[in-house]
Amino acid sequence: MGNTIFTKIINREIPAAIVYETENVLAFKDINPQAPVHILIIPKTEIPTVRELSGSEHGALLGELIDAANVIAEQYGIAEDGFRLVMNCGKNGGQEVYHLHMHLLGGRSMQWPPG
Ligand code: 5GP
């Protein structure tokens with residue numbers, strides 16, 4: 001589970017289009033964008049899925065992920081029109097990379113329900 005492709009991006013072992021970085025958080029463009037703006041926001045620490053999160057232990061970190069989403073949405077000019085934040089969890093959630101990440105999608109109108 002650990003040491004996914006996202007760890008390699010954090011360690012600069014493989015390239016990514018990084019758009020935001022703090023001590024605890026990294027954000028970069030999704031390699032297969034599903035919207036005009038599609039950014040992945042990740043904690044630098046290795047947490048596989050949402051299931052390993054708890055509000056008591058990770059509340060501050062989750063807040064940092066949301067802060068990143070708001071800053072990046074402003075950067076890309078999509079804040080006012082709105083955007084979507086997605087965290088896929090596990091097989092049925094459609095998770096492919098087992099390093100916690102939040103998708104920031106914007107720049108077009110989203111459909112509901114998702115596929
Ligand atoms: P998940 O399906 O796990 O929620 O999302 C994983 C996302 O990571 C996918 O949208 C996929 O396109 C993206 N992704 C997978 N490998 C790489 C990579 O090497 N670089 C970048 N920038 N994105 C990746």
| request: For GLU13, indicate whether it is part of a loop (DSSP other than H, G, I, E, B), in contact with a Gly (Cβ under 8 Å, 6 or more places away or on another chain) and of a type in the set (Asp, Glu). | output: no
| remark: Of the residues in the range 76-96, those that are near the ligand (Cβ under 9 Å from one of its atoms), in a loop (DSSP other than H, G, I, E, B) and exposed (fewer than 14 other Cβ atoms within 10 Å of the Cβ) come to GLY94, GLU96
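Of all the residues that make up the range 97-115, how many are in contact with a Pro (Cβ under 9 Å, 6 or more places away or on another chain) and either in a helix (DSSP H, G or I) or more than 15 Å from the ligand (Cβ to nearest atom) (or both)? Before the answer, list the steps.
Filtering the range 97-115 for residues in contact with a Pro (Cβ under 9 Å, 6 or more places away or on another chain) gives 98-101, 105-108.
Applying the additional criterion that residues be either in a helix (DSSP H, G or I) or more than 15 Å from the ligand (Cβ to nearest atom) (or both) yields 107-108.
Selection size over the range 97-115: 2.
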| Residues within the range 47-75 that are open to solvent by 60 Å² or more (accessible area, probe 1.4 Å) and either within 11 Å of the ligand (Cβ to nearest atom) or of a type in the set (Val, Ile, Thr) (or both), tallied | 2
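If you take the residues in the range 1-46 that are in contact with an Asp or Glu (Cβ under 6 Å, 6 or more places away or on another chain) and open to solvent by 20 Å² or more (accessible area, probe 1.4 Å), which one is modelled with the lowest pLDDT? Full working, then the answer.
Quick first cut of the range 1-46, residues in contact with an Asp or Glu (Cβ under 6 Å, 6 or more places away or on another chain) only: 2, 24-25, 38, 40.
Checking which are open to solvent by 20 Å² or more (accessible area, probe 1.4 Å) leaves us with 2, 24.
Details: GLY2: 62, ASN24: 98.
Step by step, filter the range 1-46, then rank; the result is GLY2.
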| Can you tell which of GLU52, GLU64, GLU96 is touching a helix residue (DSSP H, G or I) at 6+ places or on another chain (Cβ under 9 Å) and either in contact (Cβ under 8 Å) with a residue 24 or more places away in the chain or at negative phi (or both)? | GLU52
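Considering only residues that are in a helix (DSSP H, G or I) and of a type in the set (A, V, I, L, M), which ones fall in the range 43-74?
Kept after step one, since they are in a helix (DSSP H, G or I), are these residues of the range 43-74: 50-52, 55-74.
The answer is VAL50, ALA60, LEU61, LEU62, LEU65, ILE66, ALA68, ALA69, VAL71, ILE72, ALA73.
The values are calculated or read from the model by the stated rules, or taken from the named source; none is laboratory data. Quick caveat: nothing in here was measured; it's all calculated off a predicted structure. Note that we place each Cβ from the backbone using ideal geometry, even for glycine, and neighbour counts take in every protein chain shown. Accessible surface is based on the protein model in full, side chains and every heavy atom, while ligands, DNA and RNA are left aside. Shrake-Rupley method; radii C 1.70, N 1.55, O 1.52, S 1.80 Å.
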